[in-house]
Structure formats: C-alpha cells, structure tokens
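The values are calculated or read from the model by the stated rules, or taken from the named source; none is laboratory data. Note that the structure is predicted; figures quoted are calculated from it, not measured. Because the Cβ atoms are built from the backbone with ideal geometry, glycine has one as well, and the counts that use them run over all protein chains shown. We work out accessible area using only protein heavy atoms, side chains counted, and drop any ligands, DNA or RNA first. Shrake-Rupley method; radii C 1.70, N 1.55, O 1.52, S 1.80 Å.
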Amino acid sequence: KDFYALLTTQLSMQDPMNPTSNEDMIAQMTQFTMADGITALGDKMDQLTASMTSNQALEASSLVGRNVLLNSPNAYSDGTGINGQIPIPANTQNVVLQIKNENGGVVAVQSYGNQPSGMMDFTWDGKDADGNTLPPGRYQIAVTGLPAGATESEALSVLSYGNVSSVTLGQNGTGLELNIQGMGSIKLADILAVGD
C-alpha cells in the first residue's frame, strides 16, 4: 500500500519533458521492495525473539522448587545442610572439605581421603563438629587436596546446589533470571545440572 502511494506520487511529480528512465524507475522500485522486505524481516525477528523468550520463561518456571548445580563455593543451607560436587582433575590424596560461616569461621571439616579423578559428590548435614544444627544462612565450601605429581596441597573447585525459589522474567533489560534461595539471581545459562 505504501509502495503504491510512493509510486503514484513519483509518477505524478515527474517532469513530462524529462521523464525518469526505465532503469532508474526499476532501481527505485527494487529499493522500495527491499526496504519493505527488510521491515517485514524485522517484524518476523521480533516475533521469533518473543517466542524464544516465552519458551525460556516456560523452561525456567519448571525449575522453581528444584535444586540446580552452580559453579560456586558459596551455598545456602536452610538448616538441613548443603550438597554439591568437587571436580577432581587427577588422582588426589587427602581431600579435605571445610564449611565456613559468613564470617569465614570454620564450622565443620570433612575428610574424604584419596579420590580418583572425576566428580566427587559431597554432603554436609548442616551440623557443626559437635553435632549441633547450625542456623539457616550462607556458607562457603573450601576444598583442598594433593593431586598426583604435586608437592603441596591445592585448592579445588566447588560446585554447589541451590534451590530455585522464583523466576524473574527479563525486566529492564536484565534478561531472564533464576532466583536462588538465599543466594540471589543467576542466568539460566549458569546452570550446570538440575537435581531434585
């Protein structure tokens, strides 16, 4: 419709003594058609983006209440403890896990002895060394071990589980985010695995 309005206006405004050549007219018509096609393509991309966002929101909302594995040494205990995994890069001796409170004080220590390379699961029951249940809150997991060939103990990476409490649907340009109980927000792409 806009194209025909432009074409009619152009034809009515040209100088009859010096009309636009056929080549120029075809070139202009091609430009109009391309501009119209680009606009339509932009509309289709907007529709595709909206559809993808909707699918992501649906996928993310299905994670509410589930535990997700994160690349983080920090985790929240609701009073029942923390679960996670330790990537062991090589056969490692004397693997020791320390749980620290928010002030950095060690509240529990667990020894896992010698571990083969691969993923090592860990569980902390939420109790201190004396068997007292600690209050809900954020805790830090620090793991050390002596990998094969090393001469001294090294810090190992920690992956911890967090519970998805809600989903924030991309407001103010932030994109879709998962809210982890007691830990704040993460992006959907930050999830390494989904647990119970």
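Quick notes on this structure:
- Per-peptide packing, taken as the mean over residues of other Cβ atoms within 10 Å, places 96-103, 130-137 in the sequence 96-103, 130-137 from highest down.
- Taking the inverse of the mean 1/r over every pair of distinct Cα atoms in the range 81-196 gives a Kirkwood hydrodynamic radius of 15.8 Å.
- Taking every protein chain into account, the accessible area of the range 59-196 amounts to 53 square angstrom per residue (probe 1.4 Å).
- Within a straight-line Cα-Cα reach of under 18 Å, Lys44 can be paired with the following aspartates and glutamates, leaving aside sequence neighbours fewer than 8 residues apart in one chain: Asp36.
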